[in-house]
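What follows is a short report on a single structure.
The values are calculated or read from the model by the stated rules, or taken from the named source; none is laboratory data. For clarity, every value in this text was computed on a predicted model and none was experimentally measured. Glycine also receives a Cβ, built like all others from the backbone with ideal geometry; neighbour counts cover every protein chain displayed. Ligands, DNA and RNA are excluded from the accessible area calculation, which covers all protein heavy atoms including side chains. Shrake-Rupley method; radii C 1.70, N 1.55, O 1.52, S 1.80 Å.
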Amino acid sequence: MKDWSQETVREIEFKLNLETFINYLKLIGFLGRIEHEERQVSAFFDTEDRKLAGLGWALRVRVESSRGTVTVKDFGKEVGAVVIRQEIEAEIPRADAVEILSLRADIMSFDILPIECITQKAGAVSVAKLVQFENVRQKKLFKIGDDNYILEIDKTEFNDGSVDYELELELTDPDRIEVVEDGLKKLFSSLEIPYQPQSESKFARALRRAKIY
């Protein structure tokens, strides 16, 4: 049996709830010119009896402006101020990702690492789309201490029409967590934005809003 620990990437990420459109505008206005803006459409898939969730995994397909991605990730755990997840991701042509989200192609038929992982863990299962939502992500370089980090400011619209705003920052070095958190707290304090970690993933919020439990 394949050891998937060799294929997984550890994601260490701050997720902060901006809560209101006003706080979102404060942060965007302060940061100034944005390096990059990306519109993302994400959908999550599982079996009818939620077998993947029972195994502790989520299967996501995402469409961006120039590519598609398929990602398998665990539900993660909170360690202090950050969320740590294990994930396996593969890039696919954007057109294929659009076909999958439109339900004109079966994600389980793709010969890529995330699907191999799901098949090994759950067997030859059939999956259906649970939820789908759209996100506009703006990226901005921001200096904390001696290092530059990419701030990702998200505006996420769910199918019920509700909108969430949050900031994400991904780390590669867990030893920098304390320094980065201190920098983020100072930034939020200067803008009079409450420092509030986001306790739920976008997937979990989408399920709750769709009343899928």
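Ignoring any ligand, DNA or RNA, what whole percent of the accessible area of the chain comes from carbon and sulfur when the probe is 1.4 angstrom? Walk me through the numbers on the way to the answer.
Values: 5200 of 10960 Å².
Of the solvent-accessible surface of the chain, carbon and sulfur hold 47 percent.
Taking K and R as +1 and D and E as -1, what net charge do the other residues with C-beta under 10 Å from the C-beta of residue 17 add up to?
Numbers: positive: 15; negative: 19, 164, 166, 200.
Summing Lys/Arg as +1 and Asp/Glu as -1 gives -3.
Over the chain, with a Gaussian network built from C-alpha contacts below 10 Å, which listed residue (59, 187, 101) shows the highest mean-square fluctuation?
Ranking 59, 187, 101 by mean-square fluctuation puts 187 first.
Heavy-atom accessible area per residue, the chain, 1.4 Å probe: how many Å²? List each step's numbers first, then the result.
Details: 10960 Å² over 213 residues.
That works out to 51 Å² for each residue.
Using DSSP to call loops (not H, G, I, E or B), can you name the trypsin sites (Lys or Arg not before Pro) in the stretch 129-213 whose Cβ has at most 13 other Cβ atoms within 10 angstrom? Working shown, then result.
Details: sites: 129, 137, 139, 140, 143, 155, 176, 185, 186, 202, 205, 208, 209, 211; in loops: 211.
Filter output for the stretch 129-213: 211.
For the chain, which longest stretch is free of loop sites, where a loop site is one of the GluC sites (Glu not before Pro) that DSSP puts outside H, G, I, E and B and that has at most 15 other Cβ atoms within 10 Å? List each step's numbers first, then the result.
Numbers: sites that count: 19, 35, 48, 192, 200.
Here the longest run is 49-191.
Taking the Cα centre of the stretch 1-140 as the origin and placing charges on Cβ (Lys, Arg +1; Asp, Glu -1), which of 42, 63, 23 is farthest toward the positive end of the dipole?
Value computed over the given set: 23.
Count neighbours as other Cβ atoms within 10 Å of each site's Cβ, and list the trypsin sites (Lys or Arg not before Pro) in the stretch 29-61 that are DSSP loop with at most 16 such neighbours.
Details: sites: 33, 39, 50, 51, 60; in loops: 33, 50.
Answer in residue order: 33, 50.
In a GNM of the chain with a 10 Å cut-off on Cα contacts, which of 110, 30, 75 has the highest mean-square fluctuation?
30
For the stretch 149-166, what does the Karplus curve 6.51 cos²θ - 1.76 cosθ + 1.60, with θ = phi - 60°, yield as ³J(HN,Hα) per residue in whole Hz, taken in order and with x for Gly and Pro?
For the stretch 149-166, the Karplus-derived couplings read 10, 8, 8, 10, 9, 10, 10, 10, 10, 9, 5, 8, x, 6, 10, 10, 10, 7 Hz, x marking Gly and Pro.
Springs between alpha-carbon atoms under 10 Å, Gaussian network over the chain: tell me which of 40, 120, 138 tops the mean-square fluctuations.
120
Between residue 68 and residues 5 or more places away or on another chain, which pairs have amide H atoms under 5 Å apart, with H built 1.01 Å from N, and which residues are they?
Placed amide hydrogens put 92, 94 under 5 Å from residue 68.
In debye to the nearest 20, how big a dipole does the stretch 64-201 give about its Cα centre with +1 on each Lys and Arg Cβ and -1 on each Asp and Glu Cβ? If you can, show how the numbers build up before the last one.
Values: 16 positive and 29 negative charges, 40 e Å.
That gives a dipole near 200 debye.
Per residue of the chain, what 222 nm ellipticity follows from adding -39500 (n - 2.57) for every DSSP H run with n ≥ 4, rounded to the nearest 500?
Numbers: 6 runs with 55 residues, N = 213.
Helices in the chain give a 222 nm mean residue ellipticity of -7500 deg cm²/dmol.
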